[in-house]
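A.B. asks: I am attaching a structure below and will ask some questions about it afterwards.
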């Protein structure tokens, strides 16, 4: 599957070189969104037109949930180990990590905007 | 959230149209899907190249922050192994591939469809969407129980965008920055890991 990695490997430097051109950035965002729509539509089509697969839909969903919840729990456990055992709070930094009040204002991508040159705001728009 | 629902809508309308047999010979779409995937991977690569935040974050924060995405990977691997043992009858390769999406459901499900099959691709879609959804819903609880790093770990690749606002709000600004870094590293790792798992296992 060298082709798949190759496509990304060629894309990254191309994106880096063209990152200051809004027209390119906009086109890439739209192209990404619509190719994802198209490919997932095709995936749905392949699933829906296959009677054997439709019969197994409940089983597929159940397995999906088992895998994702186990992965999530494993990651949280690994994070706890990292933070409390290996680093002993080193990620909190000086003067950080007081528990935030539950009604705190909406914060998005804090403190990242000051430094400037990222061309797009990807929040809420995963490619 | 809205983006996930639109994507789910496209997937479900595909399922519906497939059920209705309106579009004959859906298997003809395979070749088209291959080229669409290559193009998608290329533009995903470009999107990564556009975004230079991660290098800056690594400079500004302690280098130990690089351990965060590594431990998401280790924890996901451990969790997937547990799921594999629990499910009992699935090939290890398939379980690890589904887990290695780290919540990046669009790309992982599309790649797994191509390298595995439609059943596994659909499983990856549901698994990774639910990882994102549960992260969004449980972030406040995770912070209270396990500390600020927990929602970053749970979010995986989604912690750089869809689950970033809720992480920044409940875990604080500093964890928001760690979340962006970890999410970006994992976003790059998803296509590489999925390809590696399906090529060599």
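The values are calculated or read from the model by the stated rules, or taken from the named source; none is laboratory data. Keep in mind it's a predicted model, so treat the numbers as computed, not measured. Neighbour counts are summed over all protein chains in view; Cβ atoms, including those assigned to glycine, are modelled from backbone coordinates with ideal geometry.
A.B. asks: Checking residue B:150 against (1) more than 7 Å from chain A (Cβ to nearest Cβ); (2) within 14 Å of residue B:131 (Cα to Cα): exactly one of these is not met. Which one?
C.D. replies: Failed condition: (1).
A.B. asks: Provide a single number: the residues in the range A:15-49 that are part of a helix (DSSP H, G or I), in contact (Cβ under 8 Å) with a residue 40 or more places away in the chain and within 22 Å of the chain's Cα centre (by Cα). Write out each step before concluding.
C.D. replies: Residues of the range A:15-49 part of a helix (DSSP H, G or I): A:15-17, A:22-48.
Adding the requirement that they be in contact (Cβ under 8 Å) with a residue 40 or more places away in the chain leaves A:22, A:25, A:29, A:32-33, A:36.
Retained after the next criterion (residues that are within 22 Å of the chain's Cα centre (by Cα)): A:25, A:29, A:32-33, A:36.
Selection size over the range A:15-49: 5.
A.B. asks: Right, another one. Could you say whether any residue in the range A:82-102 is assigned to a loop (DSSP other than H, G, I, E, B), more than 7 Å from chain B (Cβ to nearest Cβ) and modelled with pLDDT of 85 or more?
C.D. replies: Scanning the range A:82-102, I find no residue that is assigned to a loop (DSSP other than H, G, I, E, B), more than 7 Å from chain B (Cβ to nearest Cβ) and modelled with pLDDT of 85 or more, so the answer is no.
A.B. asks: What residue, of B:193, B:142, B:164, is farther than 24 Å from residue B:63 by Cα and either touching a helix residue (DSSP H, G or I) at 6+ places or on another chain (Cβ under 8 Å) or more than 9 Å from chain A (Cβ to nearest Cβ) (or both)? Explain how you work it out, then say what you get.
C.D. replies: Numbers: B:193 fails: farther than 24 Å from residue B:63 by Cα; B:164 fails: farther than 24 Å from residue B:63 by Cα.
Just one listed residue meets the conditions, B:142.
So that you can scan it fast, the table gives a plain yes or no per residue for (1) more than 15 Å from residue B:13 (Cα to Cα); (2) within 7 Å of chain B (Cβ to nearest Cβ):
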{"site": "A:16", "(1), (2)": "yes, yes"}
{"site": "A:37", "(1), (2)": "no, yes"}
{"site": "A:58", "(1), (2)": "yes, no"}
{"site": "A:63", "(1), (2)": "yes, yes"}
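Listed here are the residues, each with its yes/no results for (1) assigned to a helix (DSSP H, G or I); (2) at pLDDT 80 or above; (3) surrounded by 17 or more Cβ atoms within 10 Å (Cβ to Cβ); (4) at the interface with chain A (Cβ under 7 Å from one of its Cβ atoms).
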position	(1), (2), (3), (4)
B:18	yes, yes, yes, yes
B:32	yes, no, no, no
B:46	yes, yes, yes, yes
B:54	yes, no, yes, no
